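Here, each number is a calculation from the coordinates, and none is a lab measurement. Only a predicted model underlies this, so the values are computations on that prediction, with no experimental measurement involved. We place every Cβ from the backbone using ideal geometry, glycine too, and count neighbours over all the protein chains shown.
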Amino acid sequence: MSMPRKGVKGQAFSTITARATAPGRGGVGIIRVSGALVPKIAKVLCGKLPKPRYARFTNFYDQNGAVIDSGLALYFKSPNSFTGEDVLELHGHGGMVVLDSLLQRVIELGAVLAKPGEFSERAFLNGKIDLAEAEAIADLIDASSKKSALAAARSLNGEFSNLIFILKEKLILLRSNVEAAIDFSEEELDLKDQKAQIKMLDELLEECRGIQRSAKQGVLLSEGLTLALVGKPNVGKSSLLNRLTGEETAIVTDIPGTTRDIVKSHLEIDGLPVHILDTAGLRDSTQDPIEQEGMRRSRDALKIADRILCIIDAAEEKSRNSEEILARLGLKEVAGKVSIVFNKIDLSHENAALKEDAHGTQVYLSARTGSGLNLLSEHIKHSAGFASSEADSSFSARKRHLEALGCVEKALISAREQLLLHQNYELSAEYLRSAQNSLSEITGEFSSDDLLAKIFSEFCVGK
């Protein structure tokens, strides 16, 4: 559990409320309330304040004493609640009208509508969870595969935060050791102490890199891989999309240019969430304004894609030179993230294969027969740096965590260099301080209000 943020403990917040269940019809709908007015609201709405942590069946009354609904009321007394404040949960019937009436009654009694993520933000501000655990809540809700859900649950239970905490404690110990040496003259410095400090730095670097590897898997599980399919009309992009997803996601005909807009779909490859963008065919020129707009959107999709599959008709294309093909399609600027897929090998009479040339990877397959699809799946995982075995024990993470860990690694390398080559303890200590601050940004001990606002604004309302 993290400590309350400095300057927050004791700060007065308004009492907030929101639906904690998704909009729509359902058997049960939940209204959540958090704040100092909870006891008053519970007494008026339910007739009495429920016993803490016990579910009480009760009626919910409007201002005239009429029954709005009946259901369960659960009261969690501060600080033993999710937010650290007094919390009331009202479990009623899941109809839109009845829940809206119940929510409006809570607002009449003094609560205000919660902003997206405000319950989780208060839990963070009151020291119930740290920032990495708070982000894991959103990742768990948004999980698009079983492995990503399990990874988010591990982060929510503190697995990622504990690794950061242990690394930071070791870093603080080394930093205090280095700073203590600053007060001594060069003649008094013990070579054994310096060797011990270098050893500690090397161990910290190895530990940091191990966390980075796990965090990279976590980012892939949380955010997935965005994959764009590009190529000329009628090369089989939509057929490949349908084969990958196992559904008739896109229309397939013999008429070139069937896809005029971006067709989006999702699939999972051994636990890796993949977001596919099937783009409009790239022509040399066209007077059709719809096709022109489609090609513009195709080019935009290339910018946001993590990986691009350039689909080529193996039966029509004679060249197998990647550089020549990419130049002809205007893909040289994004060549670093392009893999060329030679489709229709059932017509070109080639074997399914995975090949490398000087300009990247080539995959030979048939979307019609499915031959070579396994090679493509393995290549997609490999190009993303995704390891299924490592993902089984990964925690969820975000790109900002990777960036912070990268800063930690650079600072540790610089601290080692100053210590080993220059015996500059002052600069080495400063780099260690910088590394410590970067670790604190992950858990939220050091975090700007702008960062917090951005993170929690991405949450759903009621969480």
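Figures for the structure shown
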quantity: Burial ranking of peptide ranges 324-337, 404-417 (average Cβ count within 10 Å, highest at the top); calculated: 404-417, 324-337
quantity: Principal axis dimensions, largest first and in whole angstrom, of the stretch 345-427 by Cα; calculated: 68, 32, 19
quantity: Antiparallel bridge percentage (DSSP; both residues within the stretch 16-129; nearest 5); calculated: 90
quantity: Lys, Arg +1 and Asp, Glu -1 on Cβ, resulting dipole of the chain about Cα centre, debye, nearest 20; calculated: 1640
quantity: Dipole moment magnitude, nearest 20 debye, the stretch 350-406 about Cα centre, only Lys, Arg, Asp, Glu C-beta charged; calculated: 260
quantity: Selection from Pro39, Gly94, Gln63, by position along the positive dipole direction of the stretch 16-129 (Cβ); calculated: Pro39
quantity: Cut-off 11 Å between beta-carbons: net charge of the residues surrounding Phe160, Lys and Arg +1, Asp and Glu -1; calculated: -3
quantity: Phi to ³J(HN,Hα) by Karplus 6.51 cos²θ - 1.76 cosθ + 1.60 over the stretch 267-280, Hz, x for Gly, Pro; calculated: 8, 10, 10, 6, x, 7, x, 10, 9, 9, 10, 8, 9, 5
quantity: Fraction of beta bridges assigned by DSSP in the chain that are antiparallel (%, nearest 5); calculated: 60
quantity: Simple label model, 7 Å out from Cα along Cβ direction - Arg328 to Ser434, nm; calculated: 4.9
quantity: Zone of Lys48's modelled label, taken as backbone nitrogen in the stretch 54-86 under 13 Å from a point 7 Å along Cα→Cβ; calculated: 56-59
quantity: The chain - convex hull of the alpha-carbon atoms, volume per residue in Å³; calculated: 195
quantity: Amide N of the stretch 115-148 lying under 19 Å from the label point, which is placed 7 angstrom from the Cα of Phe446 along Cα→Cβ; calculated: 130-133
quantity: Global geometry of the stretch 110-218, whether rounded, prolate or oblate, following the gyration tensor of its Cα atoms and the 1.5 cut on a/c; calculated: oblate
quantity: Unit charges at the beta carbon, dipole of the chain: most positive-side option, Ser414, Gly27, Leu240; calculated: Gly27
quantity: Extension gain from Ile262 to Ile166, taking 0.36 nm per residue of separation minus the Cα-Cα distance; calculated: 30.0 nm
